[in-house]
Amino acid sequence: MLIAIFLLSGNMMAQEVLINENFETYSINSKLAEEASENGNDWWTTWSGTHGNAEDGEIKYFDRTNCAYFVSGIDQVLLLGGYESGVYELSFDIYIPNGKSAYFNVLHSFNGGGSTYALQNYLHMTSNGSGATSHAEGHGTVHAGGKQVADVPCVYDAWMHFRLYIDTDTDVAEYYYTAPGGEEQLLCTWQWSLDSFGENTVGRKLDAMNFYVPESGSEFYLDNLKLIRTSESYAEIAFDKEAINVEVEKNNEVKTVDVNIENQGSSIAEWNAWVDFPLVNNEDKINVLAYDQDPFYTVCSGMGYTEPTVIELGVMYPLDYYVGQNALGTRIKQVMYFVGTAESTGNIGIEPGTPLKFRIYGQGMYGQPGELIVEKEIPADQIVIDNWNIVEFEEPIALSGYNVWATVEFVHAVGGKPITSDGTAGNIPYSDMFRENGAGTFRSFSDIATTSYGCLHISMTTVGVPEKAEPWAYINKNENTIPAGASDNVTLTLDPSGMKDGKYEADLVFLTNDTEKTRVEIPITLAVGEVSLEENVNNAYNIYPNPTSGLMTIEAENISYIAIYNSTGQLVNVIKGENNTIDMSGYDNGVYYFNIVDNAGNKSIQRVVVAK
């Protein structure tokens with residue numbers, strides 16, 4: 001008995017109730033999100049984010065219990081926490097009166113019209129996943145990791161029970177249904193990180209769910225909603241290299257080095273990587289990076305919104321593209337967007353009084369942008385019509401090896417056509433991306449339009465001339481996921497073809513979801529010809545915390561001096577003598593490079609991020 005009690009207590013302790021809604025504490029006829037917010041429960045909202053409006057459901061006393069009541073026009077959202085690791089159970093009951101219908105979804109990312117769906121379920125309705133729906137008594141279409149993957153044998157005038165099991169650590173989800181008086185049945189199992197139609201891998205986040213009444217005049221009730229975390233987990237990543245030092249006698253000797261990545265944690269590890277090359281220091285030269293074939297031939301398009309909507313347009317320039325444009329190691333000086341006048345409307349299609357916001361993002365997972373590097377806007381009264389609108393960065397951004405995103409955001413006016421492109425047929429990958437409301441997943445216009453919009457009129461100008469057009473180091477893959485307890489290999493190829501004798505340095509950079517190692521840099525040194533590598537060249541000094549908002553510690557001995565450079569390669573400070581603690585609180589946010597020189601004259605370049 002004692003053992004049984006102990007096990008029961010252990011199971012109870014392992015489970016954590018995150019949300020428990022039986023609505024008994026709510027006032028009858030009150031607005032759901034409005035009263036929840038007043039009582040300190042911040043998990044209810046609406047699709048538009050407004051409380052107490054027509055989208056907000058009501059509390060009703062029905063079938064001898066308090067419950068949430070949804071009718072046509074309701075668009076209720078439950079925020080689930082945005083969890084990306086751990087195991088969860090999400091359960092609830094739905095009651096649909098005779099002849100009515102219902103709908104709910106689970107979201108990887110909630111962002112209004114720009115939300116990313118994990119599961120969609122129509123009840124007493126069928127859907128083909130391409131916009132066509134119809135009323136269907138006793139049936140309910142499920143989209144989860146693919147279109148029409150299951151049918152729900154739903155009933156009228158009784159409480160139906162729904163349960164989702166979501167294991168973000170193994171990337172598996174299961175959907176269960178229990179009819180009144182019946183036994184629970186498994187409807188479908190799918191890869192959790194896929195979107196609801198199974199078209200894209202979008203990540204493992206459990207962000208929100210949405211309750212909606214798609215048919216006019218319909219209604220349904222919701223009760224006994226619960227979100228439970230059954231286990232917590234984390235990713236813990238170990239690398240088998242602290243530095244990579246390679247010598248070649250001839251400049252045509254190609255060498256490869258394997259870097260092993262081991263996930264020692266209990267959740268899926270995610271990483272993306274690139275080889276980061278030094279900036280060029282020779283004379284400036286302007287180069288334009290663009291996909292549009294004819295920047296002076298402009299097609300103006302719109303999205304047909306019925307209310308002003310924030311839209312962000314973007315293009316991604318991968319390493320292989322800007323290497324081909326002779327821009328590796330240069331600096332991004334400007335981003336520009338052509339604002340045209342649509343002939344059919346006679347206006348620019350941007351909501352009056354709103355600005356253009358330009359952004360540069362770094363490399364992310366799943367073909368999406370990563371961290372925001374810089375943002376700059378053009379005020380509404382300075383927007384130039386039928387011409388290029390250009391922002392120039394005070395500190396140019398290093399184009400050093402990562403896949404870079406350039407975007408422009410504005411408010412799309414009702415009836416406007418503010419999307420300008422070259423109108424070319426066919427789609428160059430990542431040349432026509434967009435998302436709504438400033439978050440969520442970027443999608444290609446070709447995913448939603450019968451004809452291509454063509455390449456967007458978004459361009460970048462860079463300054464500088466690289467020493468070598470082709471990179472001398474590259475990796476065989478840029479991103480991957482690693483199950484708990486498993487490992488992965490990244491192959492680094494060093495190709496000195498065409499290089500002069502000498503010493504060359506770069507960094508193999510990893511961004512991970514390990515909270516203790518969000519950014520890992522492995523120094524690379526390649527000696528070509530008769531140059532010999534000393535053992536202590538380019539030591540991988542441990543610098544922490546990185547990113548930092550203030551004091552940093554450098555684990556090193558015999559430091560002669562540390563030269564600190566900003567992201568444009570300008571020297572901003574020199575710290576002489578053996579000083580293992582540096583205060584970065586007085587520096588602006590951004591990327592800095594520490595050139596650490598020891599008493600023997602050996603150098604190590606280390607990248608530091610200041611984020612306050």
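For the reader, a short list of remarks on this structure follows.
- For the chain, the solvent-accessible area with a 1.4 angstrom probe is 43 square angstrom per residue.
- Estimated inter-spin distance, ASN558 and GLU249, nm [label 7 Å along Cα→Cβ]: 3.0 nm
- Two-decimal ratio, the stretch 142-244, of alpha-carbon radius of gyration to 2.2 N^0.38 Å: 1.41
- Debye equation applied to the C-alpha atoms of the stretch 11-114, log10 I(q)/I(0) at 0.10 Å⁻¹: -0.31
- Computed magnitude of the charge dipole of the chain (debye, nearest 20; Cβ of K, R +1, Cβ of D, E -1): 580 debye
- Degrees separating the helix 2-14 axis from the principal Cα axis of the chain, which is the longest one: 70 degrees
- Nitroxide proxy distance, nm - points 7 Å out along Cα→Cβ at ARG519 and ASN22: 4.9 nm
- Computed P(r) (all Cα pairs; the stretch 55-101; 10 Å bins; percent): 18, 43, 27, 11
- Full extension of the chain between ASN53 and GLU38 gives 3.9 nm of extra length, using 0.36 nm per residue less the Cα-Cα distance.
- Scattering from the stretch 54-195 was approximated by placing one identical point on each alpha carbon and applying the Debye formula without solvent; log10 I(q)/I(0) at 0.09 1/Å stands at -0.28.
- Altogether, the Stokes-Einstein calculation at 20 °C and 1.002 mPa s, with the Kirkwood radius of the stretch 378-510 over Cα pairs as Rh, returns a diffusion coefficient of 111 µm²/s.
- Share of Cα-Cα pairs in the stretch 214-347 lying beyond 25 Å, as whole percent: 67 percent
- Proximal aspartates and glutamates relative to LYS333, as straight alpha-carbon distance under 18 Å, when same-chain residues fewer than 8 apart are discounted: GLU283, ASP284, GLU375, GLU377, GLU392, GLU394, GLU395
- Note on the chain: with neighbouring protein chains present and a 1.4 Å probe, carbon and sulfur make up 47 percent of its accessible heavy-atom surface.
- Size descriptors for the chain: radius of gyration and Dmax over Cα atoms are 27.7, 87 Å.
- Principal semi-axes in Å for the stretch 308-406 [√(5λ), Cα gyration tensor, largest first]: 27, 14, 13
- Violating pairs (Cα-Cα greater than 32 angstrom) within the set LYS241/LYS376; LYS477/LYS576; LYS376/LYS417; LYS250/LYS603; LYS241/LYS576; LYS147/LYS357: LYS241/LYS376; LYS477/LYS576; LYS147/LYS357
- Partners of LYS226 within straight-line reach, counting lysines whose Cα lies under 22 Å from its Cα and excluding those fewer than 8 residues away in the same chain: LYS31, LYS60, LYS205.
- With a Förster radius of 56 Å applied to the beta-carbon distance between ALA132 and GLU377, the computed FRET efficiency rounds to 0.85.
- Treating each Cα of the stretch 139-191 as one equal point scatterer and applying the Debye formula with no solvent, the log10 of I(q)/I(0) at q = 0.13, 0.14, 0.20 Å⁻¹ comes out as -0.33, -0.38, -0.72.
- Dividing the helix sum by the residues of the chain, where each DSSP H run of 4 or more adds -39500 (n - 2.57), gives a mean residue ellipticity at 222 nm of -1000 deg cm²/dmol.
- A simple spin-label model places pseudo-atoms 7 Å from Cα toward Cβ; at ASN602 and GLN15 they are separated by 5.7 nm.
- Residues in the stretch 306-325 that a label on LYS285 would reach, taking backbone N under 11 Å of a point 7 Å out along Cα→Cβ: none
The values are calculated or read from the model by the stated rules, or taken from the named source; none is laboratory data. Predicted, not measured: the structure shown is a model, and the values here were computed from it. Here Cβ is always computed from backbone atoms with ideal geometry, including for glycine, and neighbour counts include all displayed protein chains. Ligands, DNA and RNA are excluded from the accessible area calculation, which covers all protein heavy atoms including side chains. Shrake-Rupley method; radii C 1.70, N 1.55, O 1.52, S 1.80 Å.
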